[in-house]
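Report on the following structure.
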Amino acid sequence: MGFLMKKVFAINGGAGRVLCAIPALLKYYKNNGPNFYIFTESGLDFFVGIPELQDLTFTPEHKGLFEDIIKPNEMVSPEPYRDHGYYNQQRHLTEAFDYLINNTTDHSDLEKIKIILNKTEELNALDVVTNVNKQQGKAKTIVIQPFGRSSVPQQNEMIDVMSRSLSLATYQSIIKELHKTYNIVYMGENKEVDDSTFKVEAGLRQWAAIIEASDYFIGCDSVGQHMAYAFDIPGTVILGSTFAENTSYANHFNILQKSSTDIRYFPIRLCENGLDGDIANRVNDTCMDFSEKETKDLISKILKDIKEKI
């Protein structure tokens, strides 16, 4: 009997992409059994705890990865950003992974994003929320992730060349108003941001647990919104240069976007370093620049949604 090659699905990119790939990988397992492997350059964080996937997943650090796993099998690199349906806003990131991994346009049987936490992680998160309540003294806790991975501090501002993050001024206006009524936990790496929020040193799984233990989430196009969605935590997602059809969950979140600006699709992993990428960046450059009036309107819509949801 000849050797049967297995597929080795290469999953790369940020944590949000990894989370969005999980439903398609679970569907592949359901239809094909454990006859495949997952090669991830992004770490094991979100595969840990999922019994169908955990033991099938390997990182570059695994000894013998190439000789034992990759070389005898067929490497498959599903790239959702190169899917026609995705870059035409016809498929969500989870659906694009499903199309590429399971070769289907029927996404009705996709599970939700799944994150399996252990009891220690959940109890530690409850401790964080308890400490926030003691420090800030409010009844409800909100986690806010205002800046994405591409955002960097520069001249007393947070600069995001991808126009996915809030400006520092808009962020500070939002938390100043929300802090009157709610505890606020800042989710991000830029601890130099000086404000009244509660700051935590935490890894990705710890953040998932903290969001699960909170009452509401506010974020941008970054990993926090996928975590909140996985745990059915209500929230507001403020989008800039990306489309809700691709990256967020309009059926779950309160999606806010600057109405006066037409955004242009940024051809990430296609021709992002060429003229089209430059033009898209210039067109989208101000899509997260909210005026004082627009910021007040944002805050009003956020507060309205919070009151309705929690």
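The values are calculated or read from the model by the stated rules, or taken from the named source; none is laboratory data. What you see is a predicted model, and the numbers here were worked out from it, not measured in a lab. Glycine gets a Cβ as well: all are built from the backbone with ideal geometry, and neighbour counts include every protein chain shown. All accessible areas refer to the heavy atoms of the entire protein, side chains included, with ligands and DNA or RNA removed. Shrake-Rupley method; radii C 1.70, N 1.55, O 1.52, S 1.80 Å.
The figures follow:
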read-out	value
Spin-label pair Lys71/Ser260, simplified geometry with 7 Å Cα→Cβ offset, distance in nm	6.2
Surface share of carbon and sulfur [accessible, 1.4 angstrom probe, percent] for the chain	48
Rounded Å value of the spacing that divides the Cα centres of segment 117-145 and segment 190-244	13
Lysine pairs meeting the criterion (Cα under 18 Å, 8 or more apart or interchain), as found in segment 125-246	12
Kirkwood Rh (inverse of mean 1/r, distinct Cα pairs), the chain, angstrom	20.6
Segment 1-87: C-alpha pair distances exceeding 22 Å, %	25
Helix-only [θ]222 nm of the chain, DSSP H runs n ≥ 4, -39500 (n - 2.57) each, per residue, nearest 500	-11000 deg cm²/dmol
Rg to Rh, two decimals, where segment 114-235 supplies the alpha carbon set and Rh follows Kirkwood	0.95
